[in-house]
Amino acid sequence: MTTIGFIGSGNIGSQVARKAIENGYDVVLSNSRGPETLAGLITELGPNARAATAQQAAEAADIAVVTVPFKNYRDVPVRELAGKIVLDTNNYYFERDGRFPEIDNGEETVSGLLQKHLPQSHVVKAFNHIPSDDITTDGKPAGDPDRRALAIAGNDDAAKTTVTELYDTFGFDTVDVGSLDESWRVERDRPAYVIRQNKAELVENIAKATR
């Protein structure tokens with residue numbers, strides 16, 4: 001059974017975990033406040049879920065989800081995630097995170113900086129431009145003309161294939177934005193951010209994005 005480990009279990013992390021449990025995955029959840037604070041969520045999710053430290057969740061993960069405030073990305077475990085696929089749901093909110101000049105001036109991207117922090121992992125931007133509640137409520141069967149599409153970006157094709165399969169399992173189509181250098185196209189204040197769109201509409205909105 002594939003285990004998804006969560007570095008962060010807030011709005012997005014908990015919703016992805018719910019959908020993972022629904023589809024037969026095991027999950028290991030962590031947060032910054034300690035495993036004991038996740039007792040209620042673990043009870044809800046059932047026997048295929050457990051709480052752990054961030055290091056333990058990373059160690060247990062076949063696939064990891066990083067969903068922490070961007071300002072804390074340097075706290076993500078490195079050694080334990082080496083060689084693993086890491087889904088990055090993060091977005092940059094300077095009001096919360098403080099200013100990152102390298103992002104403000106377009107030299108770096110949020111997911112690109114996480115990839116530099118995790119040099120031996122395979123980072124894929126995912127689940128960052130959908131309201132968290134929609135993750136568990138808006139999936140539809142493949143082929144539905146109204147099926148919602150979500151974007152990915154990454155530097156490793158095999159990792160992106162794995163995330164595409166996860167999206168499909170959860171009920172979403174995939175649009176591949178390209179490398180992590182292009183991941184800004186689906187972030188805050190861009191046309192594709194937190195709106196409902198099918199595959200053709202997402203492709204169109206990605207193309208409209210300006211930096």
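FYI, it's all coordinate maths here, none of it is from the lab. Note that the structure is predicted; figures quoted are calculated from it, not measured. Cβ placement follows ideal geometry from the backbone for every residue including glycine, while neighbour counts extend to all protein chains displayed.
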In terms of the alpha carbon gyration tensor, root eigenvalues a ≥ b ≥ c, rounded if a/c is under 1.5 and otherwise prolate when a/b exceeds b/c or oblate, the stretch 5-89 is prolate
With a 28 Å threshold on alpha-carbon distance, the violating pairs from Lys140/Lys208; Lys19/Lys208; Lys140/Lys160; Lys19/Lys84; Lys19/Lys199; Lys84/Lys208 are Lys19/Lys208; Lys84/Lys208
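Would you order Thr169, Thr164, Thr43 from fewest to most other beta-carbon atoms within 10 Å of each residue's own beta-carbon? Could you put the intermediate results ahead of the total?
Working: Thr169 16, Thr164 19, Thr43 9.
Ordered from fewest to most neighbouring Cβ atoms within 10 Å, Thr169, Thr164, Thr43 come out as Thr43, Thr169, Thr164.
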For the chain the mean separation of alpha carbon contacts under 8 Å (6+ apart) over residue count, i.e. relative contact order in percent, is 17 percent
Residue separation between Thr169 and Ala39 times 0.36 nm, minus their alpha-carbon distance, gives in nm 44.1 nm
In whole angstrom, the spacing between the Cα centers of the stretch 111-133 and the stretch 67-103 equals 7 Å
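Give me the extension gain from Asp75 to Lys116: residue separation times 0.36 nm, minus the current Cα-Cα distance, reported in nm with one decimal. Spell out each step's value before the answer.
Details: separation 41, 0.36 × 41 = 14.76 nm, distance 1.29 nm.
Stretched out fully, the Asp75 to Lys116 stretch lengthens by 13.5 nm.
Just the number: Rg to Rh for the chain, Cα atoms, Kirkwood Rh, two decimals. List each step's numbers first, then the result.
Values: Rg = 16.0 Å, Rh = 17.0 Å.
Value, to two decimals: 0.94.
Helix-only mean residue ellipticity at 222 nm, the chain, DSSP H runs n ≥ 4 weighted -39,500 (n - 2.57), per residue, nearest 500. What is it? Present the calculation step by step, with values, prior to reporting the outcome.
Values: 9 runs with 70 residues, N = 211.
The helix contribution divided over the chain gives -9000 deg cm²/dmol.
Using Cβ counts within 10 Å as a stand-in for footprinting exposure, how do Phe100, Phe127, Phe6 rank, fewest first?
On the way: Phe100 17, Phe127 27, Phe6 31.
Ordered by Cβ neighbours within 10 Å, fewest first: Phe100, Phe127, Phe6.
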Full extension between Asp146 and Ile195 adds, at 0.36 nm per residue less the Cα distance, a length in nm of 16.3 nm
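So for the chain: antiparallel DSSP bridges make up what percent, rounded to the nearest 5?
Values: 2 of 27 bridges.
Antiparallel bridges: around 5 percent, rounded to the nearest 5.
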